[in-house]
Amino acid sequence: MTATSAAPFSPEEIAAEGLKPEEYAEIVRRLGRHPNKAELGMFGVMWSEHCCYKNSRPLLKQFPTDGPRILVGPGENAGVVDLGDGLQLAFKIESHNHPSAVEPFQGAATGVGGILRDIFTMGARPIALLNSLRFGSLEDAKTQRLFNGVVAGIAHYGNCVGVPTVGGEVYFDLAYSDNPLVNVMALGLMETPEIVKSGASGLGNPVLYVGSTTGRDGMGGASFASAELSDQSMDDRPAVQVGDPFLEKSLIEACLEAFKTGAVVAAQDMGAAGISCSTSEMAAKGGVGIELDLDKIPVRELGMVPYEYLLSESQERMLFVAHKGREGELIDIFHRWGLQAVVAGVVIAEPIVKILFQGEIAAEIPTEALVENTPLYHRELLAQPPEYALKAWEWTPDSLPPCTIAGVEILGHLQSWNDILLTLLDTPTIASKRWVYRQYDHQVQNNTVILPGGADAAVVRLRPLEEEGGSGRIGEGKRSPTNDQRGVAATVDCNPRYVYLDPYEGAKAVVAEAARNLSCVGAEPLAVTDNLNFGSPEKPIGYWQLAEACRGLAEGCRELATPVTGGNVSLYNETLDSQGTPQPIYPTPVVGMVGLISDLTKICGQGWQAAGDVIYLLGLPLASTISLGASEYLATIHGTIAGKPPRVDFDLERRVQKVCREGIRAGWVHSAHDCAEGGVAIALAECCIAGKLGAEINIDANRFGESSCREDGGCLTALLRLDEVLFGEGGSRILVSVPSKQQEIWESYLQEHLGKEWQKLGMVGNFDTDLAVLTADNQTLIKVRIEDISDRFYNAISKRLAIHTTTPQS
């Protein structure tokens, strides 16, 4: 059929593949003819935002990607960094947002399976998982169903496959009511002599299909992930994949064994877009073509047509290019592990993807058209911030009711500072995620050094195996005693309210907090993988949020010397309501960051360690100007989403983090915890809860204002409010505790490296003491029992889940 003949597809059929009319016209121009149904499907998934980043690619180019430790940057299945002493770490973050909204259990489970395949495809053994989750209000029954399903799915896959889930974060906000976010990060330690790449090479080399069988599950998942969710999205359940973690465990072992033979030229996971993506990307990266015969593909369903083969996203499948003549030994390895393995194609010289079916050509497309030369949209940036942001920035603390030593009046009722602290600790976003992580096996492989909830970042021991004396699997072989004390730290972070109110400043704060969390366990921040979760870039506000956040992330990564090794872009996170009005999520650029720990005996957690230790605040002292804008206090206590998030002073950030790391390595610092949501007061409470010890804190109330004027009539307009002191956020702040015998040398060190940007706050108490925050003249601002704050903190989530039970209707 020629390009001038009538299109064989209706506008509705073209739109159903996620293609715009002008994109279809471009397909016809490139092919010189109309595509067939299978080819249309291939273009639909490969030109989706999920696969080709057609709206975000221009923005991603500003990210720093080079550094002395970067071995593999963006463009491969995962990034790889050099940890020294021959150790190499692969890591990556991916999203499974839309599938989890429709089928939370399988959506989340297969998100775990997919990110693990990205890791071991590089030749690395997965050693840890983290996740970053967002849901609507936990008071809502639908949110509870999604929350329960997602957590169960993550637990099921991770626990069964034998990879520990060691950390993460969970936020709850109405902005995510019908569009939850499920971002999963994985880390792996390289086991193969060479890093396995995905570019096909060697004309005539066989192409192997290995792993599970192909079915109709996950059809068009990439296109599904690149569209808004609607009331009809439940009809897209076939676009949600179904995973088998036990089969994936076998796939991990078989792949790593196969890679070590040296018979594998290239490998690619069949993730989004399945066979379409793996064949075209491998061919394009190698500058060659691939011919694949669908009749050779092992199937689990009868009567499948090329369109279904090519768009299926059945899980636990891989595509290999093998050295010619060595395919037999690879097939034997996979059969021994009970997996499928067949020669399904061949590497060819012409740079095309040629798909055969029943002896005929089912699809034939230039690889450049599918992968490299895809649509690219340079959208116009708003000349000034949108109206919602300008209005939010007008907010000032003057609009809040006055506060006193006794508290603050909310809707005619005096709320004491005790009341407010307990309320914030009971907020699901701040509260302990114990209900979540207790469902995860976080100690399998026996390398988890700090358990979830114990520190600001996860810490995993690195146990490299020698060549002799074992198969290379965890727990076998001879461990090197000189390296047993090396570790890696990892964290995932994003405060979406900050990014919503100011995408540029908010994104910088995301990078800063991630690095600060690593520094709080004594790790040197190394590199970043990011997951950009945003609404529609086709709307001016959505694109402004995306562009400004990317600018902020790029600056933050440059300032803190943490290059970006890759990541994921998830756009169109919008829910269409019954009237067809799109409701976008908060812009949520999640940063996954890894750090190196050279000596695992020199780390610390967030809980107080011993009574009598002295408590210090690193960063801006309490008397510094800290705004309540964008804070958890303002949102939860006053019901206001407004103001500007705190600005990051990168010079201060670098100095504070270095001082914290050096203090831990020198053995001076017993505990460290960054001040994030809820400010200093919440951080103090969390340190008390984690350490099961009280604390007495003294602040100079004469430096803060109880009301607008002094008793003598002098105005206090320049003085801070007490709620700003207690619950204000920002300031690159870290709480640390130091043994009293180290106080002199520690304070001398602080004076030399931080000048006036630190403050002694008080002392750690005994197990039977309270958290007490007092003024200089011994007036009590806060006095709460550790038992009471622990109860609020630990039971906030489980309490809400217990309240909402389904009652059968008569």
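The values are calculated or read from the model by the stated rules, or taken from the named source; none is laboratory data. For clarity, every value in this text was computed on a predicted model and none was experimentally measured. Heads up, the Cβs are rebuilt from the backbone with ideal geometry, glycines too, and the neighbour counts pull from every protein chain shown. Ligands, DNA and RNA are excluded from the accessible area calculation, which covers all protein heavy atoms including side chains. Shrake-Rupley method; radii C 1.70, N 1.55, O 1.52, S 1.80 Å.
Return yes when Gln657 is farther than 24 Å from Leu518 by Cβ and of a type outside the set (Asp, Glu) and no when it is not.
On the way: farther than 24 Å from Leu518 by Cβ: no; of a type outside the set (Asp, Glu): yes.
No: the conditions fail for Gln657.
Among the residues of the range 545-562 satisfying the criterion of being small (Gly, Ala, Ser) and in a helix (DSSP H, G or I), which is nearest to Ala512 (Cα to Cα)?
Here is the first cut: in the range 545-562, the residues small (Gly, Ala, Ser) are 547, 549, 552, 554, 556, 561.
Still in the running and in a helix (DSSP H, G or I): 547, 549, 552, 554, 556.
Working: Ala547: 19, Ala549: 14, Gly552: 11, Ala554: 12, Gly556: 7 Å.
That would be Gly556.
So how many residues does the range 368-426 have that are of a type in the set (Lys, Arg) and surrounded by fewer than 12 Cβ atoms within 10 Å (Cβ to Cβ)?
From the range 368-426, those of a type in the set (Lys, Arg) are 379, 391; that's our starting set.
Imposing the further condition that a residue be surrounded by fewer than 12 Cβ atoms within 10 Å (Cβ to Cβ) reduces the set to 391.
Selection size over the range 368-426: 1.
Residues of the range 44-60 being in contact with a Leu (Cβ under 8 Å, 6 or more places away or on another chain) and at negative phi, which ones?
Residues satisfying the conditions are Gly44, Val45, Met46, Trp47, Glu49, Lys54, Asn55, Ser56, Arg57, Pro58, Leu59.
Read through the list (1) within 20 Å of Val499 (Cβ to Cβ); (2) hydroxyl-bearing (Ser, Thr, Tyr); (3) open to solvent by less than 10 Å² (accessible area, probe 1.4 Å), then give the number of the only condition that Thr575 fails.
Of everything listed in (1) within 20 Å of Val499 (Cβ to Cβ); (2) hydroxyl-bearing (Ser, Thr, Tyr); (3) open to solvent by less than 10 Å² (accessible area, probe 1.4 Å), Thr575 misses just condition (3).
Could you say which residue among Glu548, Glu574, Glu559, Glu524 is at pLDDT below 95, more than 18 Å from Cys52 (Cα to Cα) and among the charged types (D, E, K, R)?
It is Glu574.
When only residues in the range 586-625 that are within 21 Å of Gly694 (Cα to Cα) and among the polar types (S, T, N, Q) count, which is surrounded by the most Cβ atoms within 10 Å (Cβ to Cβ)?
Out of the qualifying residues, it is Gln606.
Could we say that Val510 is part of a helix (DSSP H, G or I), buried (at least 24 other Cβ atoms within 10 Å of the Cβ) and under 16 Å from the mean Cα position of the chain (by Cα) here?
For Val510, the condition - part of a helix (DSSP H, G or I), buried (at least 24 other Cβ atoms within 10 Å of the Cβ) and under 16 Å from the mean Cα position of the chain (by Cα) - is met.
When you go through (1) out of contact with any Pro (no Cβ under 8 Å at 6 or more places or on another chain); (2) over 30 Å from Glu194 (Cβ atoms); (3) assigned to a strand (DSSP E or B) one by one for Arg134, which number turns out not to apply?
The failed condition is (1).
I'm trying to understand the selection: among the residues of the range 514-541, which are surrounded by fewer than 24 Cβ atoms within 10 Å (Cβ to Cβ) and not aliphatic (A, V, I, L, M)?
Glu524, Ser536, Pro537, Glu538, Lys539, Pro540
I'm checking my understanding of the structure. Among residues of the range 34-51 that are among the charged types (D, E, K, R) and at pLDDT 95 or above, which one is surrounded by the most Cβ atoms within 10 Å (Cβ to Cβ)? Before the answer, list the steps.
Applying the first criterion (among the charged types (D, E, K, R)) to the range 34-51 yields 37, 39, 49.
Add one more test, that the residue is at pLDDT 95 or above, and what stays is 37, 39.
On the way: Lys37: 17, Glu39: 24.
This residue is Glu39.
Against the definition (modelled with pLDDT under 95 and open to solvent by less than 100 Å² (accessible area, probe 1.4 Å)), how does Thr769 come out, yes or no?
Against the criterion (modelled with pLDDT under 95 and open to solvent by less than 100 Å² (accessible area, probe 1.4 Å)), Thr769 qualifies.
Which condition number does Glu103 fail, the rest of (1) among the acidic types (Asp, Glu); (2) farther than 20 Å from Leu576 by Cα; (3) touching a helix residue (DSSP H, G or I) at 6+ places or on another chain (Cβ under 7 Å) being met?
Glu103 satisfies every listed condition except (2).
As an exercise: evaluate Pro306 against (1) buried (at least 24 other Cβ atoms within 10 Å of the Cβ); (2) under 16 Å from Lys354 (Cβ atoms); (3) not hydrophobic (A, V, I, L, M, F, W, C) and give the number of the one condition it does not meet.
The failed condition is (1).
Please go through (1) at pLDDT below 95; (2) assigned to a helix (DSSP H, G or I) for Leu421 and return the number of the only condition it doesn't satisfy.
Failed condition: (1).
Filtering the range 335-354 down to residues that are part of a strand (DSSP E or B) and over 16 Å from Phe320 (Cα atoms), which residue is most open to solvent (accessible area, probe 1.4 Å)?
Lys354
Just checking, which of Ile115, Ile127 is touching a helix residue (DSSP H, G or I) at 6+ places or on another chain (Cβ under 9 Å), of a type in the set (Val, Ile, Thr) and crowded, with 23+ Cβ neighbours inside 10 Å?
Ile127
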